[in-house]
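Notes follow the structure.
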Amino acid sequence: DFIKEVSGIRVLEKKLREKLNLDHVVVVPGDSDELPWVKQEMGRACVHYLKGILESNNTIAITGGTTMAAVAEMMTPLTGAPDCLFVPARGGLGERVENQANTICVEMARKAKGDYRLLYVPDPLSEDTYHSITSEPSIKEILDLIKNSDTVIHGIGNALTMAERRRTPPEQVEKIKQGHGVGEAFGYYFNQQGEIVHKARTVGLQLEDLTDSQQVIAVAGGESKARAIASYFKPGKSNVLITDEGAAQKLLREE
Ligand code: BG6
């Protein structure tokens, strides 16, 4: 039975890799919507994958969220890749402290025995403040580190869930609804066709900053996130997906 289950998972990974046109897919058994420990298993799988790709002195940009918190929780010393630097990918995005990239960054670096740099900026920002803040030398320095990071690890969420969690102003929520937003990743909201319907203004990594020379790893699972994951991968900005069986099955059933 165990063998059968493992080979079933391998088939899911292969199908998903082909469907979403990715370099690598990891599916962990279970559905994190139903069983909280499945999220930790995604965290563990992500750490395992990272250990295979990271090199010494790499810079890793990470987002916030409960899934990323699970990655931090499962992190162990990166003995094969010493002196890695962890940075938050974007500003706080209005999240609760425990869900913020800064907070998760510190824990991840501590467990990995690496270092971290944080981004202290309020958000959302007005256009004027955005420009003056990003030209501040100390902020600019960290923004450069983020832009030139070797690896990016991020969560994916349901558009409206994320908009609410971030206390997004009603007119912006309306814009996301009008645009039929289904998925969200680092402050960008996507419709089912993968078009951006709204973008939270904050400093840090922008979607257009992602390049082919980077490893961009999405970690997201649970059947309820299947459509969100599909929407995000339409434009195809990340090359690796770490997910669970709940999301994988649903993703393959749809369309
Ligand atoms: C956020 C990320 O912090 O976490 C988003 O910036 C992502 O990209 C979200 O959508 C996912 O949160 P969770 O708690 O569902 O892992």
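Among Lys14/Lys250; Lys51/Lys111; Lys140/Lys175, which pairs are too far apart, with a Cα-Cα distance over 20 Å? Spell out each step's value before the answer.
Working: Lys14/Lys250 15 Å; Lys51/Lys111 13 Å; Lys140/Lys175 31 Å.
Distance filter (> 20 Å) returns Lys140/Lys175.
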Euclidean distance between Cα centres, region 44-60 to region 97-124, Å: 17 Å
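Among the DSSP beta bridges whose two residues both lie in the chain, what percent are antiparallel, rounded to the nearest 5? Walk me through the numbers on the way to the answer.
Working: 10 of 32 bridges.
The answer is about 30 percent antiparallel.
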If you stretched the chain out fully between Ser224 and Glu208, how much longer would it get, using 0.36 nm times the residue separation minus the C-alpha to C-alpha distance? 3.0 nm
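Explain nothing, just the number: relative contact order of region 213-255, from Cα pairs under 8 Å at least 6 residues apart, as a whole percent. Walk me through the numbers before you get to the answer.
Working: 49 pairs, mean separation 22.9, N = 43.
Relative contact order for region 213-255 comes out at 53 percent.
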Within region 184-217, what residues put their amide N at less than 13 Å from the label point 7 Å along the Cα-to-Cβ vector of Thr129? 201-203
Report the full-extension gain for the segment Arg253 to Lys234: residue separation times 0.36 nm, less the Cα-Cα distance, to one decimal in nm. 5.2 nm
Find, among the GluC sites (Glu not before Pro) in region 154-212, those assigned to loop by DSSP (not H, G, I, E, B) with at most 15 other beta-carbon atoms within 10 angstrom. Glu195
Check cross-link reach from Lys15 to the aspartates and glutamates: straight Cα distance under 15 Å, and skip same-chain residues fewer than eight apart. Asp23, Asp244, Glu245, Glu254, Glu255
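Here, each number is a calculation from the coordinates, and none is a lab measurement. Model, not experiment: these values are computed from the prediction. Quick reminder, even Gly has a Cβ in these numbers, built from the backbone with ideal geometry, and neighbours come from all protein chains shown.
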